[in-house]
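S.K.: Provided herewith is a single structure, encoded as structure tokens, for subsequent inquiry.
The values are calculated or read from the model by the stated rules, or taken from the named source; none is laboratory data. Keep in mind that what you see is a predicted model, and the values were worked out from it rather than measured. Every residue, glycine as well, gets a Cβ built from its backbone with ideal geometry; the counts of neighbours run over all protein chains shown. SASA here: full protein model, heavy atoms, side chains in, ligands and nucleic acids out. Shrake-Rupley method; radii C 1.70, N 1.55, O 1.52, S 1.80 Å.
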Amino acid sequence: MACIKTTSKGMKVTIPDPTETPNAHQQPPIVFLLGAGIQFMLLLVLIFKAVRREKKTVSDLLHILFFFFGSAGYGLYGVATLIMAVEPVGSSKLTTIISRLFMVASWASLLLNCCCLMESIAMPVMGRFKMSQNSLRMIFHVFSLLLILAAFVGAAISRDHLLSTLAFLSAISGTCAVSFLRAAYVDHVNKSLAGTNMMKFLGTIFGSVALLVAAILEPICGYAAQKNCYEGCEVPGFHSLLLVILLLGTWLFVGLAQSCSPDDGAIPSCRSSQTPPEVVQVAP
């Protein structure tokens, strides 16, 4: 049922019920399709760069998957909300579930790339606890896999549109930022790698904040707020526009950094790597 909202300027605006009217908020479908288009263009750039590179890397493949699944998820969600009414709170349509799974798969690909990246760099020693580098890497890998699993389960079974998915994606993006920051400091000798990893750190930490803000605003400006006629939200659906604008920086920073200088990561191994023996110089 449509509701009548009084704006801050005293104007009365009739807002259609999104569960009855397709494209009720107008902004989200267009914004998500725009986001899908931007990610698709960056996908083409990365494919072009990866094909022309002599050295093929796992990092290129995972970044290509990041943009492929991202463009698919945003595109499907945009088309679905443009031509169909959304489901009431407490239920989920198949198109919504699939689009959420695509979004999670996108960020999961980037986090798996970070696991490969952490496998190839030196880890800090944790003070008096003296945890080995292998132990620290294993903690990061296990935490990442559990986070990815939780995000997929949440995307598959949640009944709150995008709220829980956005929250999980914010956590995944923040975890990626930690690995890129660590890699930037370790690669300080190689200025090009340090610069690109710092770009990815800025992009992912920016993305984490953007996704968290969107998750916070989802119950206020999203489709679920129809029941109280969007009290506290001036423009219904505005958080979707804000999300894509902020994520634009994430996509550009990550995509351009990868196209210029790919991560030189290693696939994690279950076997403990041997620490190179210390070279002892013997006096003549």
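S.K.: Being open to solvent by 20 Å² or more (accessible area, probe 1.4 Å) and either touching a residue at least 40 places away in the same chain (Cβ under 8 Å) or of a type in the set (Lys, Arg) (or both) is the filter here, so list the residues in region 211-222 that pass it.
M.R.: Across region 211-222, the qualifying residues are LEU212, PRO219.
S.K.: Could you tell me which residue of region 249-261 is nearest to the chain's Cα centre (by Cα), considering only residues that are open to solvent by less than 60 Å² (accessible area, probe 1.4 Å) and aliphatic (A, V, I, L, M)? Don't jump to the end; show me each part of the working.
M.R.: Let us first name the residues in region 249-261 that are open to solvent by less than 60 Å² (accessible area, probe 1.4 Å), namely 249-251, 254-255, 257-259, 261.
Going one step further and asking which of them are aliphatic (A, V, I, L, M), we end up with 254, 257.
Numbers: VAL254: 11, ALA257: 16 Å.
Looking at the filtered set, the residue picked out is VAL254.
S.K.: Being assigned to a helix (DSSP H, G or I), out of contact with any strand residue (DSSP E or B) (no Cβ under 9 Å at 6 or more places or on another chain), modelled with pLDDT of 85 or more and small (Gly, Ala, Ser): is that true of ALA177 here?
M.R.: Numbers: assigned to a helix (DSSP H, G or I): yes; out of contact with any strand residue (DSSP E or B) (no Cβ under 9 Å at 6 or more places or on another chain): yes; modelled with pLDDT of 85 or more: yes; small (Gly, Ala, Ser): yes.
Yes: the conditions hold for ALA177.
S.K.: Ok, one more. Find the residue count for region 155-171, including only residues that are buried (at least 18 other Cβ atoms within 10 Å of the Cβ) and either aromatic (Phe, Trp, Tyr) or not in a helix (DSSP H, G or I) (or both).
M.R.: 5
S.K.: A follow-up question, please. For the structure I just gave you, tell me whether PHE152 is modelled with pLDDT of 90 or more, assigned to a helix (DSSP H, G or I), farther than 27 Å from TYR223 by Cβ and open to solvent by 20 Å² or more (accessible area, probe 1.4 Å). Explain how you work it out, then say what you get.
M.R.: Values: modelled with pLDDT of 90 or more: yes; assigned to a helix (DSSP H, G or I): yes; farther than 27 Å from TYR223 by Cβ: no; open to solvent by 20 Å² or more (accessible area, probe 1.4 Å): yes.
When the stated conditions are applied, PHE152 does not pass them.
S.K.: Taking the condition modelled with pLDDT of 85 or more and more than 21 Å from LEU110 (Cβ to Cβ), does ILE157 pass?
M.R.: Yes.
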